[in-house]
1. What single numbered condition from (1) over 29 Å from the mean Cα position of the chain (by Cα); (2) within 20 Å of A79 (Cα to Cα) fails to hold for L161?
2. Just the residues that are among the aliphatic types (A, V, I, L, M) and assigned to a helix (DSSP H, G or I), please, taken from region 156-204.
3. Being in contact (Cβ under 8 Å) with a residue 40 or more places away in the chain and in contact with a Leu (Cβ under 9 Å, 6 or more places away or on another chain) is the filter; apply it to region 84-104 and report the residue that is farthest from A243 (Cα to Cα).
4. Is at least one residue of region 380-394 part of a helix (DSSP H, G or I), more than 27 Å from the chain's Cα centre (by Cα), surrounded by 24 or more Cβ atoms within 10 Å (Cβ to Cβ) and in contact (Cβ under 8 Å) with a residue 24 or more places away in the chain?
5. Could you please give the count of residues in region 654-672 that are part of a strand (DSSP E or B) and surrounded by fewer than 18 Cβ atoms within 10 Å (Cβ to Cβ)?
6. Just a yes or no: is a residue in region 187-209 in contact with a strand residue (DSSP E or B) (Cβ under 6 Å, 6 or more places away or on another chain), over 30 Å from V547 (Cβ atoms) and surrounded by fewer than 23 Cβ atoms within 10 Å (Cβ to Cβ)?
7. Could you name every one of the strands (runs of 3 or more DSSP E) located completely within region 255-327 that has at least 3 residues being at pLDDT below 90 and within 26 Å of P193 (Cα to Cα)?
8. Can you name every residue in region 307-359 that is over 25 Å from R448 (Cα atoms) and among the basic types (K, R)?
Amino acid sequence: MKPPRPTKILHVAIDNGGTFTDCVWIDNGRIRALKVFSTPADPSQAIVQALERIGLPEHLTLFHGTTVGTNALLERKGARVALVTTRGFEDAIEIGRQHRGKLYDLNWERPRPLVDRERRFGVEERTDSEGRILTAPRPEELARLAEDVGKSGAEAIAVCLLFCFANPANEKAVANAVRSLGIPLSFSHEILPEFREYERMSTVVVNAFLQPLMHGYLTKLAQRTEDWLARAGLQSNPDRKSARFFVMQSSGGITALETAAREPVRTVLSGPAGGVVGAAAMARRSGCDRLISFDMGGTSTDVALMDGAIRTSSQSEVAGQPLGVPVLDIHTVGAGGGSLVRFDAGGALRVGPESANADPGPICYGKGTRPTVTDANLLLGRLPAHRFLGGEFVLDDARTRRVVKEWLAEQKVELTLEEFAAGVVRVVNANMEKAIRVVSIERGYDPREFALVAFGGAGAMHACELAESLGIPQVIVPALPGALSAYGILVSDIVKDSSRTVLWRAQKKLPAHELEIEFRKLERAAAAEFAQEGWRAKVTHTRSVDVRYRGQGYELNIPCTGQLLAAFHGEHQRRYGYSHAEREVELVTLRLRTQLASQLSGKTATEGAAAKTPAESAGMWFGGRKMRAQVWDRAALRAGRKYRGPGVITEYSATTMVTPGKIFLVDGAGNLVIRVK
């Protein structure tokens, strides 16, 4: 018998992680959460399982954050790419920059390029820096190129010609020649119309490397979801879809599934970006706009600093591959709840970056055989076994103790379980503390002036100890901490980022007329993309310019106003301690962000449907001593009332650990605030 036909419209965000797939949706005006185990072999399977548990909608809008592209880069499991470039520049992708990844490591090797030498093809053509065509590719050469690419066994094609950002005519000619091969194409004048040939080439190659995989995955996800709706009788009219699909970008905004499939390079930090957006949204409700987001999941920890606004960067690197598309300024380390523990050749304890993932998972999940950070927290009594996932999944304490004892005996290590577990926590905390220092102290920010916003499945478990070590005065644990990345995806704006390199010089006066002309071109192109995706609401445009002093090699991104030059001098002074107001500057790259504001950001977040449970006490280890500590249910805490640690606060998606003597409360925004200093 078919289920009753629903009347609701469902907006649902899904963040596909290494251990859990997190799902957040709106239910009668409130935001709810669900976690299911990920299915690494086919991530779309876990997504449909989550949708089935939520219930059938009349119309589904799915917002998706995915690690498929990230994992493909890390594991180098993408497509065979053919690179077409200007003759003489075929090896630029391998030569790269002079920068050495590890200055003092004599054994360091530069990551291999994603394009093998035999699939790099040069074309006799040339465009100068002003956009003048000096040499156009000959028709017979283009025909021969198409034949050679076809014989190479390439599964995707990346085209990156010299100075094509100034005039794409020659790239378009190459495109017309190879389009008949029926192979996915990526063009640098569309993906990244900017200077710096190596970064532009690397970006378009990464896009081509991911394109077949991401297109196949996203298409399969959409089809699997449509089939599920059809089986329920909600897809009777094939011409009228009952579902719409959107994907989170690395820049902190949503885009249409078709765009993400065409330009997957913009999604490689999709999941972590959702966490940063969610952390900023929840912290602002508590009156905090200076924060360090701390997202500790199953496989990695992502940290970012926000001083009033979310910071983006136009230059980043993932798995050794430079990317020139906008990304949120996030630093990642291989430290998560599922990070595997080992002893190195010298007997030192190491944690990560390898992870147990969802299969087999930590020992306490029932299948794993190697200790993880989650197992260590269980051994210290900080993770109540019977309250995990709101009681839906009971952790196996007895198995964990037995397997870890056997593993320690195999390693010939004479430590008690508690000593070993405490050591694991100290090591992983040191790794994460180092990451927080990278985004704060190493960039001139004092972490003592910020709040630590902790989320992810394991973030709230370690936040107190990290804040104590770094002198951070307070920790904020938002509602839905274990699914905050999915929440951030749900409330993100629709965003299009576009850019164009111009290389104009200025000293006392801006070329205002020329700026207006070029920005209007970018705005018209963005408006056309929004219209193509079916958006009709009013959008906002944010203009900025990459600026540098003439002769410098790198730029600062400055909002484009009438005070652009003065703002650049001021920011240069703040960042580097000096400025030259009389010196000539260069306006390098124009950047435009076009946004359509989310209509979902004002909703109230709540946890899963687990019943409130009374407080209880349990034995926990802190600082090498076992003591009685409280176990609270977050849903049972009274807003505004102060509580004192030690203890843990349990909820459906995460567990928060409070060290001895620390005061905490639930504020009016529903956030858990822990006073550390």
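The values are calculated or read from the model by the stated rules, or taken from the named source; none is laboratory data. Computed from a prediction, not measured in an experiment: that's the story for all the values here. Reconstructed Cβ throughout: ideal geometry from the backbone, glycine too, with neighbour counts over all protein chains shown.
1. (2)
2. A169, A173, V174, A175, A177, V178, L181, I191, M201, V204 - these are the residues of region 156-204 that are among the aliphatic types (A, V, I, L, M) and assigned to a helix (DSSP H, G or I).
3. Among those residues, the one meeting the criterion is F89.
4. No, there is no match, as no residue in region 380-394 is part of a helix (DSSP H, G or I), more than 27 Å from the chain's Cα centre (by Cα), surrounded by 24 or more Cβ atoms within 10 Å (Cβ to Cβ) and in contact (Cβ under 8 Å) with a residue 24 or more places away in the chain.
5. Number satisfying all stated conditions: 2.
6. There is no residue in region 187-209 that is in contact with a strand residue (DSSP E or B) (Cβ under 6 Å, 6 or more places away or on another chain), over 30 Å from V547 (Cβ atoms) and surrounded by fewer than 23 Cβ atoms within 10 Å (Cβ to Cβ).
7. In region 255-327, 316-318 are the strands (runs of 3 or more DSSP E) which contain 3 or more residues that are at pLDDT below 90 and within 26 Å of P193 (Cα to Cα).
8. R342, R350
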